[in-house]
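**Q** Before I ask anything, here is the structure I am working with.
The values are calculated or read from the model by the stated rules, or taken from the named source; none is laboratory data. Every value quoted in this text rests on a predicted model; they were computed, and no experiment measured them. Cβ atoms come from the backbone with ideal geometry, glycine included; neighbour counts cover every protein chain shown. To get the accessible areas, we keep the full protein, side chains included, count just its heavy atoms, and leave off ligands, DNA and RNA. Shrake-Rupley method; radii C 1.70, N 1.55, O 1.52, S 1.80 Å.
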Amino acid sequence: FGYRYGAAEDQNRWSGRLFGRQGRLSYHFGATLRSAGAYEAPAGTFGNITLSDETPVNNTGVDDRNFDLRLGLEIAPGQQLTARYEGYRAEDAGFGDVDPARYAQGLPEITILYPDQNVDKFTFGYEGLDLGWALADRLDARAFVVDNDRELTLNFFQSFGPQAPPGAGVSIENRNFTDITTAGFRAEARKAAGARALFTYGVDFSRDDSEGTDLSTTVVSGFGPPMETVVDRPQIPNATFRRLGVFVQSEIEFSDRFSVIAGGRFEDIRAETERTEGLEDPPVSRSDRTVVGSLNALFDVNDQVALVASIGRAFRSPNLIERFFNGPTPEGSGFQVRNPDLDAETSFNVDLGIRFRNRWVEAEAFGFRNKIFDGVRVRALGREEQGLPAFQNVNVDELLYRGVELAATVYPGAGLSVGGTFTHLDSEDVNDPENPVGDSFSNKLTGRV
């Protein structure tokens with residue numbers, strides 16, 4: 001049993017776990033209850049925002065509960081059937097927000113809340129170890145069902161300024177309910193071929209069913225009777241997202257100092273919308289399929305120095321939000337226009353590195369070059385939708401990422417360690433170098449003791 005109290009957010013957190021075994025049956029039950037209030041941001045400066053004193057960060061509290069139950073049944077030595085349930089409940093969660101009047105007059109007030117969220121997951125599995133079968137020494141197979149219900153509210157208020165009548169402005173309240181059910185399975189087998197080769201292969205499948213409703217209410221106040229506009233058009237149609245993958249990997253030691261890991265995967269993905277109340281758009285279906293793979297090599301120069309090399313091709317199909325979402329973005333800063341014709345991203349990556357380790361020092365240095373084809377990025381459309389700047393996810397022909405990663409740790413003794421990391425990342429749109437594509441720091445330096 002455990003209890004935790006946090007003064008910053010007045011948090012009370014209770015937890016407990018019960019586990020044991022009776023013959024061939026094992027069991028495990030756990031639960032956590034948490035109640036936390038909003039916290040305060042300290043005084044100081046972050047970018048161009050300055051807070052003169054401690055400031056409440058609204059909507060950072062939450063009341064939530066986690067619980068899980070696992071049962072295992074040993075059906076033979078090294079073989080086990082399992083059943084597991086995991087649940088999560090949350091109320092009154094939200095994105096933290098600070099009253100704009102405290103740091104910048106005139107900015108809109110934006111409140112994002114999750115009044116209610118429920119997640120339930122059921123998993124059934126089989127695990128077999130040391131099987132000695134012709135095609136598998138180890139087998140792990142699992143099937144699962146997940147149901148995720150979530151309600152979201154986004155409130156937006158923009159004052160017309162001090163020259164307008166008191167309370168004059170435009171307020172927008174967006175309410176969204178989403179229900180996503182996911183079902184799938186995964187089976188993975190491993191087989192040793194002699195003392196120096198290990199093969200892993202398998203298949204996985206999942207299908208998301210997404211349904212939702214939206215209600216947007218806009219009220220303009222301050223100039224006569226309030227003018228109200230109500231729109232119940234869903235921001236994303238009811239849709240399904242299906243994934244199928246088949247994979248195989250081999251780990252081969254050619255000698256005590258040289259080993260190779262090679263793998264391949266066939267991926268087939270289909271995104272499909274359905275007839276949805278409130279939408280006139282006809283159903284759309286898009287499919288992506290490809291084969292990806294990687295080759296990794298490790299060579300030990302001696303007991304202290306190792307060389308590492310990796311090449312690989314990757315693949316990512318746009319998700320339902322990227323393809324089909326049409327409406328104001330959750331943070332209220334823009335309007336996303338749907339693009340069902342997005343192509344899948346593919347990439348080719350090369351990594352080269354060296355590692356050094358002895359009793360006193362651990363260090364490594366890596367360089368990489370990753371080129372992404374048909375990269376999915378947000379682009380401004382140069383117009384407005386519902387009074388907000390319009391954006392759309394589009395494919396960028398080629399994005400190039402190059403970088404260096406360095407890390408080192410020194411152990412001077414007396415239980416101490418001193419270390420640090422350095423990362424340099426350079427990114428560009430190959431066909432339009434003036435178009436910024438970076439989404440992280442160019443240089444990052446860390447240190448620790």
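**Q** Using all C-alpha to C-alpha distances in the range 1-143, build P(r) with 10 Å bins and read off the rounded percent in each one.
**A** Taking every Cα pair in the range 1-143, the percentages come to 10, 25, 22, 18, 13, 9, 3, 0.
**Q** Would you give the gap between the C-alpha center of the range 86-147 and the C-alpha center of the range 318-397, rounded to a whole Å?
**A** 22
**Q** Gain in length, ASP147 to ALA363, computed as 0.36 nm per residue apart minus the alpha-carbon separation, to one decimal in nm?
**A** 73.3 nm
**Q** Given a 1.4 angstrom probe, I'd like the percentage of the accessible area of the range 241-305 that is carbon and sulfur, rounded to a whole number.
**A** Answer for the range 241-305 is 52 percent, counting heavy atoms of protein chains only.
**Q** Still on this model: Taking the Cβ of PHE144 as the center, what net charge do the other residues with Cβ under 12 Å away carry, scoring Lys and Arg +1 and Asp and Glu -1?
**A** Numbers: positive: ARG84, LYS121, ARG142, ARG186, ARG207; negative: GLU86, ASP120, ASP147, ASP204.
Neighbourhood net charge equals +1.
**Q** Please list log₁₀ I(q)/I(0) at q = 0.09, 0.11, 0.14 Å⁻¹ for the range 210-361, using the Debye equation with identical point scatterers on the alpha-carbon positions.
**A** -0.55, -0.68, -0.84
**Q** Given +1 on the Cβ of Lys and Arg, -1 on the Cβ of Asp and Glu, and no further charges, what dipole in debye does the range 1-125 carry about its Cα centre, rounded to the nearest 20?
**A** 1040
**Q** Another question, if that's okay. Explain nothing, just compute: Karplus ³J(HN,Hα) = 6.51 cos²θ - 1.76 cosθ + 1.60, θ = phi - 60°, for every residue of the range 122-136 in order, whole Hz, x for Gly and Pro.
**A** For the range 122-136, the Karplus curve yields 10, 10, 10, x, 10, 10, x, 10, 6, 6, x, 6, 5, 10, 7 Hz.
**Q** OK, next. Give the residue list of trypsin sites (Lys or Arg not before Pro) in the range 358-449 that are DSSP loop and have at most 11 other beta-carbon atoms within 10 angstrom.
**A** ARG359
**Q** Continuing with the same structure: Would you grab the residues whose amide H sits under 5 Å from the one on LEU342? Only those 5+ places off in sequence or on another chain, please, with H modelled 1.01 Å from N.
**A** Under 5 Å from the amide H of LEU342: no residue qualifies.
**Q** Right, another one. Under 14 Å from the Cβ of ASN66, count the other residues' Cβ atoms, weight Lys and Arg +1, Asp and Glu -1, and hand me the total.
**A** Charge balance in the 14 Å sphere: +3.
**Q** Compute the longest continuous run of the chain that contains no exposed GluC sites (Glu not before Pro); treat a site as exposed when its DSSP state is not H, G, I, E or B and it has at most 12 other Cβ atoms within 10 Å. Walk me through the numbers before you get to the answer.
**A** Details: sites that count: GLU54, GLU277, GLU280, GLU331, GLU434.
Longest stretch, sites excluded: 55-276.
**Q** Report, largest value first, the span of the C-alpha coordinates of the range 1-70 along each principal axis, in whole Å.
**A** Rounded to whole Å, the extents work out to 63, 21, 15 Å.
**Q** Report, in debye and to the nearest 20, how large the dipole of the chain comes out about its Cα centre when Lys and Arg carry +1 and Asp and Glu carry -1 on their Cβ. Walk me through the intermediate numbers first.
**A** Details: 45 positive and 67 negative charges, 374 e Å.
About 1800 debye.
**Q** Within the range 312-363, report the chymotrypsin sites (Phe, Trp or Tyr not before Pro) that DSSP leaves as loop and that have at most 16 other Cβ atoms within 10 Å.
**A** Details: sites: PHE315, PHE324, PHE325, PHE335, PHE348, PHE356, TRP360; in loops: PHE325, TRP360.
Those that pass, being in a loop and sparsely packed, are TRP360.
**Q** Comparing GLY420, GLY334, GLY367, which has the greatest mean-square fluctuation in the GNM of the chain with Cα pairs linked when under 10 Å apart?
**A** Highest fluctuation of the listed residues: GLY420.
**Q** Rank PHE299, LEU400, ASN443 by how far each Cα sits towards the positive end of the charge dipole of the chain (+1 on Lys, Arg Cβ; -1 on Asp, Glu Cβ) and give me just the farthest.
**A** Of the options given, the answer is PHE299.
**Q** In whole Å, how far is the Cα centre of the range 1-60 from that of the range 294-317?
**A** Using only Cα atoms, the two centres lie 40 Å from each other.
**Q** Using the 2.2 N^0.38 Å rule of thumb for compact globular proteins, work out how the range 156-289 stacks up: its C-alpha Rg over that value, please. All intermediate terms of the calculation are to be shown ahead of the outcome.
**A** Values: Rg = 26.8 Å, N = 134, 2.2 N^0.38 = 14.1 Å.
Rg over 2.2 N^0.38 Å, computed on Cα atoms: 1.90.
**Q** I want to verify a result. In a Gaussian network model of the chain, Cα cutoff 10 Å, which of these has the top mean-square fluctuation: THR273, THR45, THR200?
**A** The residue with the greatest mean-square fluctuation here is THR45.
**Q** Can you list the lysines whose alpha carbon sits under 24 Å from that of LYS444, skipping same-chain ones fewer than 8 residues off?
**A** Result set, ordered by chain and number: LYS371.
**Q** Express the Stokes-Einstein translational diffusion coefficient of the range 251-306 in µm² s⁻¹, to the nearest whole number, given a Kirkwood radius over alpha-carbon pairs, 25 °C and a viscosity of 0.890 mPa s. Working shown, then result.
**A** Details: Rh = 15.6 Å.
In µm²/s, the coefficient rounds to 157.
**Q** Give the Kirkwood hydrodynamic radius (Å, one decimal) of the chain, defined as one over the mean of 1/r across all pairs of different Cα atoms.
**A** On the way: mean 1/r = 0.0371 Å⁻¹.
Radius from the Kirkwood sum: 27.0 Å.
**Q** Taking the radius of gyration and the Kirkwood hydrodynamic radius from Cα positions alone, what is the Rg/Rh ratio for the range 362-449, to two decimal places? Don't skip to the end; give the middle numbers.
**A** Numbers: Rg = 19.4 Å, Rh = 16.0 Å.
Ratio of gyration radius to Kirkwood radius for the range 362-449: 1.21.
**Q** What 222 nm value per residue comes from the helices of the chain, counting each DSSP H run with n ≥ 4 as -39,500 (n - 2.57) and dividing by all residues, nearest 500 deg cm²/dmol?
**A** Details: 1 runs with 5 residues, N = 449.
Calculated from helices alone, the mean residue ellipticity at 222 nm is 0 deg cm²/dmol.
**Q** Something else now. Can you give the FRET efficiency for THR217 and ASN302, using 1/(1 + (r/R0)^6), R0 = 56 Å, r = Cβ-Cβ distance, to the nearest 0.05?
**A** Working: r = 70 Å, r/R0 = 1.25.
For THR217 and ASN302, the calculated efficiency is 0.20.
**Q** Shifting gears a bit: Roughly how compact is the range 94-156, stated as its Cα Rg over 2.2 N^0.38 Å to two decimals?
**A** On the way: Rg = 24.1 Å, N = 63, 2.2 N^0.38 = 10.6 Å.
Taking the Cα Rg and dividing by 2.2 N^0.38 Å, one obtains 2.27.
**Q** Write down the accessible area per residue of the chain in Å², having rolled a 1.4 Å probe over the full set of protein chains. Mind showing how you got there, number by number?
**A** Working: 26220 Å² over 449 residues.
With the other protein chains kept in place, the chain gives 58 Å² per residue.
**Q** Please report the net charge: other residues with Cβ closer than 15 Å to the Cβ of ARG369, K and R +1, D and E -1. List each step's numbers first, then the result.
**A** Working: positive: ARG313, LYS371, ARG402; negative: ASP351, GLU398, GLU405, ASP426, GLU428.
Surrounding charge for ARG369 is -2.
**Q** Fully extended, how many nm does the chain gain between ARG21 and LEU69 (0.36 nm per residue separation, minus their Cα-Cα distance)?
**A** Numbers: separation 48, 0.36 × 48 = 17.28 nm, distance 1.37 nm.
Full-extension gain reported as 15.9 nm.
**Q** Pick from ALA104, ALA380, ALA38 the residue whose mean-square fluctuation is largest in a GNM of the chain, springs joining Cα atoms under 10 Å.
**A** ALA104
**Q** What trypsin sites (Lys or Arg not before Pro) in the range 145-239 are in a loop by DSSP, with at most 16 other Cβ atoms within 10 Å of the Cβ?
**A** Numbers: sites: ARG150, ARG175, ARG186, ARG190, LYS191, ARG196, ARG207; in loops: ARG196.
When the trypsin sites (Lys or Arg not before Pro) of the range 145-239 are filtered for loop state and at most 16 Cβ neighbours within 10 Å, ARG196 remain.
**Q** Leaving out ligands, DNA and RNA, and with a 1.4 Å probe, what % of the accessible surface on the range 23-110 is carbon or sulfur? It would help to have the intermediate numbers written out before the result.
**A** Working: 2890 of 5220 Å².
The computed percentage sits at 55.
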